[in-house]
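Sharing a structure here in structure tokens format.
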Amino acid sequence: MKNISILGSTGSIGTQTLDVIRNNKDRFNVVGLAVNSSIEVLKQQIDEFNPIAVSVYDEKKAEELKKQVDIEILSGKEGLNKMATLEEADTVITSVVGSIGVIPTLKAIQAKKNIALANKETLVTAGDIIMKEVKKNNVNLMPIDSEHSALFQCLNGEKKEDINRLIITCSGGSFRGRTKEELKDVTVKEALNHPTWNMGGKITIDSATLMNKGFEVIEAHHLYNIPYENIDVIIHPQSIIHSMIEYVDGSIMSQLGIHDMRLPIQYALSYPKRIPNKLPKLCFEEYNSFTFSIPDIETFPCLRYAYDAGKIGGTMPSVINAANEVAVREFLKGRIRFLQIPETIRKAMDTHNLIKNPDIDDIMKADEWAREFTEEELR
Ligand code: MN
């Protein structure tokens, strides 16, 4: 029996994680749940999964929930950190959105919890520090991101030294194939209409700008300790091949499957075991072809910016991430145009005073600086 605490249990990954647990109640047990403010959904989750404690980030909502259920309810950053370090938890699922996930993930690792990581911003902003702590505390960090789960599986039984390059596949997002001119007036609704994956709002916009893929490159760099020069992105609109590894002999391993996040979630929870499920199996007859192409980084420069930020290192990935969070939030609210997202991010990068070897405080300060800068720019 694995005891699990979920940070971000009412979001897209959180609810799908609970679905995996629902179907494997003899294997997994929920001990903690943390949410931002959705107490109605949280209340249902408490009734169904019976955790020891929960946390609601929004203090008013936490007070409201206290009147409705009779378990320990925490709130604020402290509550989130408590759910990350809950004594009874073996594994912590980090599925909150944004750099708010960094500190709780770090605390969970230091409390010797195994991590199933869905919050990619954690590795993007603080990858060096996180991976050092993972080693030091001898815990497992399993990626939930489908591409990184694929890379992990392609590495099974192989040696890291034998890797020639990582090939991360990319659907291309909602605007694949469009020109810059055609991106000028796109709406939020169009951007949210992802061709293959059904995901939360922020990540769907990140997919449309290709920033999501850029973050995944940085994530892969940290997870597998591969130089940026040896990580390639390839457009594969069918989203069936979830990523590949080319080895020194030219042989390529890939992992395939339907595009359903419950697959990588389940693997992250059950590893090293594989367990059966009732999800539909991949049906090759449905596909006439699998196609590949090179991403258009002139039209979608966020991918290039992420490579740049990764190679520069230090506080730069934190800046690109925070600037992106603010710009995407403003776009989702309908306040800025789609093309202002990359524009503003580039400005933040060019203005930032880099710290080469930051500690976690430097990283959080760079994050704050980039937020303020971007907000000012977009006002
Ligand atoms: Mn992904």
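Quick one: count up the residues across region 140-172 that are away from the ligand (no atom under 12 Å from the Cβ) and more than 18 Å from residue 265 (Cα to Cα).
Adding up the residues that qualify gives 12.
Which residue pairs have Cβ atoms under 9 Å apart, sit 6 or more places apart or on different chains, and have a first residue in region 239-261 that is at negative phi and buried (at least 16 other Cβ atoms within 10 Å of the Cβ) and a second that is assigned to a strand (DSSP E or B) and among the small types (Gly, Ala, Ser)?
As it stands, the answer is 241/254; 242/254; 244/254; 245/254; 254/243; 255/243, since those pairs meet every condition given.
If I filter region 173-196 down to residues being within 13 Å of the ligand (Cβ to nearest atom) and crowded, with 17+ Cβ neighbours inside 10 Å, which single residue comes out as modelled with the lowest pLDDT?
Looking at the filtered set, the residue picked out is 194.
Just checking: which of the helices (runs of 4 or more DSSP H) contained wholly in region 299-379 hold 2 or more residues that are over 22 Å from the mean Cα position of the chain (by Cα), polar (S, T, N, Q) and not assigned by TED's automatic domain parsing to the domain that holds residue 191?
Ranges flagged: 340-351.
Let me ask something else about it. For region 121-139, which residues satisfy the criterion of being over 17 Å from residue 313 (Cβ atoms) and not in a loop (DSSP other than H, G, I, E, B)?
Matches in region 121-139: 133, 134, 135, 136.
Mind checking which pairs have a first residue in region 301-319 that is at positive phi and surrounded by fewer than 24 Cβ atoms within 10 Å (Cβ to Cβ) and a second that is part of a loop (DSSP other than H, G, I, E, B) and among the basic types (Lys, Arg), Cβ under 6 Å, 6 or more apart or different chains?
These pairs meet every condition: 314/356.
Related question: If I filter region 320-354 down to residues being among the acidic types (Asp, Glu) and open to solvent by 60 Å² or more (accessible area, probe 1.4 Å), which single residue comes out as nearest to residue 102 (Cα to Cα)? Outline the logic, then answer.
Of all residues in region 320-354, those among the acidic types (Asp, Glu) come to 325, 330, 343, 350.
When the remaining residues are screened for being open to solvent by 60 Å² or more (accessible area, probe 1.4 Å), the result is 343, 350.
Values: 343: 26, 350: 24 Å.
Restricting to residues being among the acidic types (Asp, Glu) and open to solvent by 60 Å² or more (accessible area, probe 1.4 Å), the top hit is 350.
Which one of 37, 5, 9 is more than 27 Å from residue 278 (Cβ to Cβ) and either at pLDDT 95 or above or of a type in the set (A, V, I, L, M, F, W, C) (or both)? Full working, then the answer.
Numbers: 5 fails: more than 27 Å from residue 278 (Cβ to Cβ); 9 fails: more than 27 Å from residue 278 (Cβ to Cβ).
Being more than 27 Å from residue 278 (Cβ to Cβ) and either at pLDDT 95 or above or of a type in the set (A, V, I, L, M, F, W, C) (or both) holds for just one of 37, 5, 9, which is 37.
The values are calculated or read from the model by the stated rules, or taken from the named source; none is laboratory data. None of the values given here were measured: they were computed from a predicted structure. Positions of Cβ are backbone-derived with ideal geometry, glycine not excepted, and every protein chain shown enters the neighbour counts. Remember, those area values only see protein heavy atoms, side chains included, never the ligands or the DNA or RNA. Shrake-Rupley method; radii C 1.70, N 1.55, O 1.52, S 1.80 Å.
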